[in-house]
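Peer 1: This is the structure, below, for whatever I ask next.
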Amino acid sequence: MTRLFKLVGGFAVAAVMAAAPIAAQADDKDTIDYRQHIMKGLDAQTAAIGMIVSTQIPEDNLVKHAEAIAQMAKTVKKSFEAKVAGGESKPEIWANWADFSKRLDDFVAKTDKMAKDAKTGGVPVVMEQMVDALTCKGCHDVYRNKK
């Protein structure tokens, strides 16, 4: 009976060890998917502000969209800390983490300021600040693979 338990236990350990790379791959995919969802959310919120600024829609929700961008900006760096390459992310992100991290910290500070100032300054202030706060291209040119 003891021999049978050892044999079954050995198979169980082998099965867990064989499944570990599969679980890691699933975690990596989840990490990449999460990052992409954050980026798509930022893109959607920026597009909504663009519609407000261009007077396509009323400015009723300007502050909410600016706050959403500021909150999402705070999650971006955390989504890259796992150092999972893939998606549209270039490996240069992790090779140049200090620069990438500083850019994200600047992004957080600028979007936070924009969200706060949107409450009192409305569209004119957001129009002025979004040119500086939402300059994604500079980071994307260096750290994102072209679609």
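Peer 1: Amide H to amide H, which residues 5 or more places from R144 or on other chains are under 5 Å from it, using H placed in the peptide plane?
Peer 2: When sequence neighbours closer than 5 places are left aside, the close amide H contacts are K90.
Peer 1: Ok, one more. Short version: ³J(HN,Hα) in whole Hz for each residue of the stretch 104-112, in order, from phi by Karplus 6.51 cos²θ - 1.76 cosθ + 1.60 (θ = phi - 60°), x for Gly and Pro, what are they?
Peer 2: With the stated coefficients, the stretch 104-112 comes to 5, 5, 5, 4, 4, 4, 5, 6, 5 Hz.
Peer 1: Continuing with the same structure: Please list, or write none, the lysines whose alpha carbon is within less than 20 Å of the alpha carbon of K119, excluding same-chain residues fewer than 8 places away.
Peer 2: K64, K74, K110
Peer 1: Same structure, new question: Counting other beta carbons within 10 Å of each residue's own, what order do R35, R103 fall into, fewest first?
Peer 2: Details: R35 21, R103 18.
So the residues, fewest neighbours to most, are R103, R35.
Peer 1: Taking the simple approach of a point 7 Å from Cα along Cα-to-Cβ for both E128 and A85, what is their distance in nm?
Peer 2: Rounded to a tenth, the inter-label distance reads 4.4 nm.
Every read-out reported here was derived from the displayed coordinates using simple, explicitly stated rules and does not represent laboratory data. Since the model is a prediction, treat every value here as computed from it, not as a measurement. Every residue, glycine among them, receives a Cβ derived from its backbone with ideal geometry; neighbour counts consider all protein chains shown.
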